[in-house]
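Undergrad: The following block contains the structure, expressed as structure tokens.
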Amino acid sequence: MDTIFAQATAMGRAGVSIVRVSGPLAHPVCEKLVGSLPAPRGSALRMVKDLSGEFIDQALILRFDGPDSFTGEDVVELHVHGSIAIIRRVLDLLGQCEGLRLAEAGEFTRRALENGRLDLVQVEGLADLIEAETEAQRKQALRVLSGELGSKVEEWRRALIRSAALLEATIDFADEDVPVDVSDEVRELLSKVQSELVREIEGTLAAERIRTGFEIAIVGAPNVGKSTLLNRLAGRDAAITSSIAGTTRDVIEVRMDLGGLPVTLLDTAGIRDSDDEIEALGVKRALIRAEQADVRVIILDRGRDAPFEVRSSDVVLESKADISGRDYPAISGSTGAGVDQLLDELGGKLSRLASSAGLATHARHALAMQKALGGLKVAFGLLDDGPDHYDIAAAELRLGTHALEALVGRIDAENLLDEIFASFCLGK
């Protein structure tokens, strides 16, 4: 396997930048540049010199011996001063060394996967951690990266393999003097796996929302203050406000952090019948996005009814509290009246939605678990048909096991890797 190198920190000027080298030549090549390396998992201050002995920089050197490293290979990290010139010189120098090449995007992490240091779910968790913008995203990504889901999948996998083995043993020794009724043990094993799979599948939607962001749609008739409220919540003029009805034609999106949860606020076109083709299209889009949103903030003029059926997750507000002087749920984006109460109510609703999140965070995870659950349910039903159907039940359990192994990347993962690692930077 090639020895690879790349800058592991962000491009540009910084106080300190890190260059990572991984592979069989990592130690001997770096010894030529910095002299003796520190002890394994140790660090030392060294002079970095080129092959002719010219001084380049003073750096902190970290050494890791495989398999006890991130990639599972021998690794050396050079923590140099974050000058663009120094980084360029060090990278050029490493590129001149025979047997070394610049790493591809995500190649360090890919090697960690290939060397058994991470499973595929942990790789996705690492990608999510790098992209995390809020506290909830950080915590969720760390749970996935820690291997909790992989450990749970391994428990399910062992239970399904055990169940299939019991059924197959019954078939193989049907004519022998051995116990043949294994259905009680198999039912117990499958019942536990089934309940846990169902719980995880149900929690996938909330977990994916934490990863990608919840959506809150602000809806109502024209000129009730939707855009003004959006600007107040966003803390900037994200939407045009005007006394002219129908100003907002398209859906305006604003990202924000609400109590540690990622949220996209949607300002939608005022809902009304219109002969204007463009405005009518905006209203149609508004209704579609509102239907898909996790929470809808419905702003109404006093005494008016909502333009659609109100859901339990909706927040219904009365507009123009600055004029009426009424307390919350009357609200005013102009003065900020009721905005703090609205944020508290929205935070509570989203927190309750987020509390149902499971360990599985991607649609791919849910599909694999649903496939495993399908095989398990078929096998469960076949148990009631007696030993003559145990061979089919065992086959269904094998298919379920296959789906779980694909979930963590043990098999059938190659077609997913390019897509997953495309989101990684060169140094990761």
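The values are calculated or read from the model by the stated rules, or taken from the named source; none is laboratory data. In this text the structure is predicted, and so the values were computed from the model without any measurement. Ideal geometry is used to build each Cβ from the backbone, glycine not excepted, and the neighbour counts take in all protein chains shown.
Undergrad: Going through Glu73, Glu77, Glu98 one at a time, which residue ends up being within 32 Å of the chain's Cα centre (by Cα), among the acidic types (Asp, Glu) and assigned to a loop (DSSP other than H, G, I, E, B)?
TA: Criteria check complete, one pass: Glu73.
Undergrad: Let me ask something additional. Can you find, within segment 349-398, the residue that is farthest from Arg158 (Cα to Cα) among those that are in contact with a Leu (Cβ under 9 Å, 6 or more places away or on another chain) and polar (S, T, N, Q)?
TA: Here the residue is Ser351.
Undergrad: Something else about it: Among all residue pairs at least 6 apart or on different chains, which show Cβ distances below 7 Å where the first residue, located in segment 184-212, is among the polar types (S, T, N, Q) and the second is outside any helix (DSSP H, G or I) and surrounded by 14 or more Cβ atoms within 10 Å (Cβ to Cβ)?
TA: Sorted first by the residue in segment 184-212, then by its partner, the pairs are Thr204/Gly358; Thr204/Ala360.
Undergrad: Within segment 112-142, which residues are over 10 Å from the mean Cα position of the chain (by Cα) and acidic (Asp, Glu)?
TA: Scanning segment 112-142 gives Glu114, Asp119, Glu133, Glu135.
Undergrad: Let me ask you something else. Just to check your reading of the model, which residue among Thr204, Thr134 is surrounded by 21 or more Cβ atoms within 10 Å (Cβ to Cβ) and among the hydroxyl-bearing types (Ser, Thr, Tyr)?
TA: Of the residues listed, the single one that is surrounded by 21 or more Cβ atoms within 10 Å (Cβ to Cβ) and among the hydroxyl-bearing types (Ser, Thr, Tyr) is Thr204.
Undergrad: Continuing with this model, one more query. Of the conditions (1) within 29 Å of Ala136 (Cβ to Cβ); (2) surrounded by 13 or more Cβ atoms within 10 Å (Cβ to Cβ), Gly348 fails just one. Which one is it?
TA: Looking at each condition in turn, Gly348 falls short on (2).
Undergrad: Would you please name the residue that is modelled with the highest pLDDT, looking only at residues in segment 211-264 that are polar (S, T, N, Q) and in a loop (DSSP other than H, G, I, E, B)?
TA: Filtering first and then ranking leaves Asn223.
Undergrad: I want to confirm something. Restricting to segment 54-97 and keeping residues that are touching a Ser or Thr at 6+ places or on another chain (Cβ under 6 Å) and either more than 21 Å from Ala10 (Cα to Cα) or among the small types (Gly, Ala, Ser) (or both), which single residue is surrounded by the most Cβ atoms within 10 Å (Cβ to Cβ)?
TA: Only one residue fits best here, namely Glu73.
Undergrad: Hey, another quick one. Name the single residue that is modelled with the lowest pLDDT among those in segment 167-193 being surrounded by fewer than 17 Cβ atoms within 10 Å (Cβ to Cβ) and in a helix (DSSP H, G or I).
TA: Asp172
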